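The values are calculated or read from the model by the stated rules, or taken from the named source; none is laboratory data. Just so you know, these numbers come straight off a predicted model, no measurement behind them. In this analysis, Cβ positions are derived from the backbone assuming ideal geometry, glycine residues included, and neighbour counts consider all displayed protein chains.
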Amino acid sequence: MGAMATLLDRARVRTAGSATGDTLRPLPATAALAAVWAAGAGLVLCVAVALVGWLVGSAGTAADAVRVGVQAWLLGQGAGLRVGQVTVDAIPLGLTLLSVLLLNRSSRWAAARAGVADPRGVAAGTAIAAALYATAAMTGALFTSGESAGVSPIRAFAAGLVVSAVSAGPGMLRGAGLSGEVWGALPEEARAALRGGAAGAVAAFGSGALLVSVSLAAGFGSAANVAHALGAGVVGGAILVVVGALLLPNAALFGVAYMLGPGFVFGTGTTVAPGGVTLGRVPAFPLLAALPAEGPTPSWTIGLLALPVLCGVLAAVVALRHHPVVGLDRAVLRGGLAGLVAGLATGSATALAGGSIGPGRMAETGAQVLACTGVAAASMALGGALVGLLVGWRLGRRTRI
């Protein structure tokens with residue numbers, strides 16, 4: 001009966017589409033168009049910003065500005081960039097997230113327009129979109145690489161393939177109306193852990209973003225002075241804001257690493273953690289005004305270590321609210337597992353924040369990933385287990401009464 005109902009629902013969707021005059025298109029065409037549109041939209045944005053910067057600065061040629069824009073887009077895909085003898089492999093995660101959203105949305109449209117209704121169609125559409133997107137990235141690398149700067153075409157293809165696969169797949173599933181079926185096919189324990197873990201990880205990311213925002217607000221004067229010293233002007237200032245916005249997810253993950261305790265490095269031989277800060281000179285960029293002052297940290301920063309536990313608490317609350325259980329042991333297990341998933345996701349995500357951003361000591365920036373993952377997993381699992389213990393105890397008390 002369940003399978004028959006699903007088939008009837010899909011039939012109604014298709015009938016509704018026909019009734020409005022929509023005509024189903026071949027999947028290869030829609031998937032290809034989705035990939036081209038997503039890649040083109042991201043490229044246009046990056047090239048436009050680069051051209052505006054060229055018009056304001058009047059350095060180089062328009063062709064140079066276009067080349068910089070394409071290479072910036074490739075950097076956002078995780079393709080890295082070679083500038084002379086220096087390799088820049090830090091990823092501007094805001095640009096990556098934008099690419100993911102564009103691909104996801106266009107792939108969802110492609111699946112719906114082609115009338116995809118089975119996993120085979122989803123897989124085929126994802127493969128077509130990913131292959132074309134990766135080819136676009138490789139083509140961009142081939143046409144913009146030179147002696148002074150360039151991107152490896154092989155790495156560009158591989159990076160584009162990864163970004164497009166993880167973006168287009170869920171979009172195709174949703175466009176085909178199969179995401180609910182895939183979710184429902186998972187064991188309830190897995191659904192509870194994933195739902196709660198996602199909530200806990202998002203809360204941790206939000207906490208890191210809030211920490212950075214407060215620090216940036218406190219150092220707003222320094223940020224303004226840096227922008228003034230750069231001679232940005234109105235248009236240049238707007239470009240700095242755009243670039244800063246694209247780097248905010250990186251900054252938020254640095255904030256997560258800081259609140260977890262192990263912290264991060266921002267240059268060879270540096271340490272930025274609640275236990276103390278050793279920085280030295282940093283590049284002149286307004287967003288870096290959010291970095292804490294060098295030396296001992298204020299005593300209140302030790303309270304940040306409670307935030308991961310609270311994120312684990314939230315993970316367990318969400319898991320147990322949507323997937324309740326009976327029994328103390330099962331409640332503790334479900335809550336602790338949700339917190340553990342949140343911690344592993346949070347700690348692993350800090351690996352995306354850093355990378356090489358320049359020559360010399362700036363070749364080393366990033367979180368202490370292994371330590372962050374261990375602390376996040378332990379503290380969030382503890383928070384989740386405590387919630388499970390409380391919920392299980394209350395349920396047991398009600399049963400006895």
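Right, residue 87: in the same structural domain as residue 157 (by TED's automatic domain parsing), in contact (Cβ under 8 Å) with a residue 12 or more places away in the chain and outside any helix (DSSP H, G or I) or not? Judged against the criteria, residue 87 is a match.
Could you check, for the range 140-151, whether at least one of its residues is outside the structural domain of residue 345 (by TED's automatic domain parsing), surrounded by fewer than 24 Cβ atoms within 10 Å (Cβ to Cβ) and touching a helix residue (DSSP H, G or I) at 6+ places or on another chain (Cβ under 6 Å)? Yes, the range 140-151 contains at least one residue that is outside the structural domain of residue 345 (by TED's automatic domain parsing), surrounded by fewer than 24 Cβ atoms within 10 Å (Cβ to Cβ) and touching a helix residue (DSSP H, G or I) at 6+ places or on another chain (Cβ under 6 Å). Any idea which residue in the range 285-306 is surrounded by the fewest Cβ atoms within 10 Å (Cβ to Cβ), counting only those that are under 25 Å from the mean Cα position of the chain (by Cα) and in a loop (DSSP other than H, G, I, E, B)? My answer is 285. Of 249, 262, all but one fail to be at pLDDT 90 or above and in a loop (DSSP other than H, G, I, E, B); the exception is 262. Among the residues making up the range 354-379, those that are in a helix (DSSP H, G or I) and surrounded by 19 or more Cβ atoms within 10 Å (Cβ to Cβ) are 369, 372, 373, 375, 376, 377, 379. For the range 211-219, state whether one or more residues are within 28 Å of the chain's Cα centre (by Cα) and modelled with pLDDT under 80. For the range 211-219, residues within 28 Å of the chain's Cα centre (by Cα) and modelled with pLDDT under 80: present.
Checked against (1) buried (at least 16 other Cβ atoms within 10 Å of the Cβ); (2) of a type in the set (S, T, N, Q); (3) farther than 13 Å from residue 163 by Cβ, residue 85 passes all but a single condition, namely (1).
Would you pick out the residues in the range 78-92 that are among the hydrophobic types (A, V, I, L, M, F, W, C) and over 18 Å from residue 157 (Cα atoms)?
Here is the first cut: in the range 78-92, the residues among the hydrophobic types (A, V, I, L, M, F, W, C) are 79, 81, 83, 86, 88, 90-91.
Correct list: 83, 86.
Check 165, 224 and return the single one that is of a type in the set (A, V, I, L, M) and either crowded, with 17+ Cβ neighbours inside 10 Å or under 18 Å from the mean Cα position of the chain (by Cα) (or both). Before the answer, list the steps.
Working: 224 fails: either crowded, with 17+ Cβ neighbours inside 10 Å or under 18 Å from the mean Cα position of the chain (by Cα) (or both).
That would be 165, the only listed residue that is of a type in the set (A, V, I, L, M) and either crowded, with 17+ Cβ neighbours inside 10 Å or under 18 Å from the mean Cα position of the chain (by Cα) (or both).
For every residue, the table says whether it meets (1) in contact with an Asp or Glu (Cβ under 8 Å, 6 or more places away or on another chain); (2) within 22 Å of residue 375 (Cα to Cα).
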{"site": "176", "(1), (2)": "yes, no"}
{"site": "212", "(1), (2)": "no, yes"}
{"site": "260", "(1), (2)": "no, yes"}
{"site": "281", "(1), (2)": "no, no"}
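Residues in the range 342-353 that are polar (S, T, N, Q) and under 15 Å from residue 255 (Cβ atoms) were compared, and the one that is surrounded by the fewest Cβ atoms within 10 Å (Cβ to Cβ) is 350.
Contact map, the range 276-296: residues that are outside the structural domain of residue 263 (by TED's automatic domain parsing) paired with residues that are not hydrophobic (A, V, I, L, M, F, W, C), Cβ distance under 8 Å, separation 6+ or inter-chain. No pairs are found. Each residue in the range 34-50 was checked for being closer than 18 Å to residue 129 by Cα and crowded, with 18+ Cβ neighbours inside 10 Å, and 6 pass. The lone criterion from (1) more than 20 Å from the chain's Cα centre (by Cα); (2) small (Gly, Ala, Ser); (3) crowded, with 19+ Cβ neighbours inside 10 Å left unmet by residue 251 is number (1).
Beta carbons closer than 9 Å, at least 6 apart along the sequence or on distinct chains, pair a first residue in the range 138-151 that is of a type in the set (Ser, Thr, Tyr) with a second that is surrounded by fewer than 16 Cβ atoms within 10 Å (Cβ to Cβ) for 148/83; 148/84.
Pairing each residue of the range 173-191 that is closer than 20 Å to residue 319 by Cβ with any residue that is in a loop (DSSP other than H, G, I, E, B) and not acidic (Asp, Glu), provided the two are 6+ apart or on different chains, yields C-beta distances under 6 Å for 188/323. Residues of the range 370-387 that are of a type in the set (A, V, I, L, M, F, W, C) and touching a residue at least 60 places away in the same chain (Cβ under 8 Å): 371, 372, 375, 376, 380, 381, 382, 385, 386, 387.
Looking for something assigned to a helix (DSSP H, G or I) and surrounded by 16 or more Cβ atoms within 10 Å (Cβ to Cβ) - is there at least one such residue anywhere in the range 113-120?
So the first thing to find is which residues in the range 113-120 are assigned to a helix (DSSP H, G or I), and the list is 113-114, 119-120.
With surrounded by 16 or more Cβ atoms within 10 Å (Cβ to Cβ) added as a condition, the list becomes 113-114.
Yes: one or more hits.
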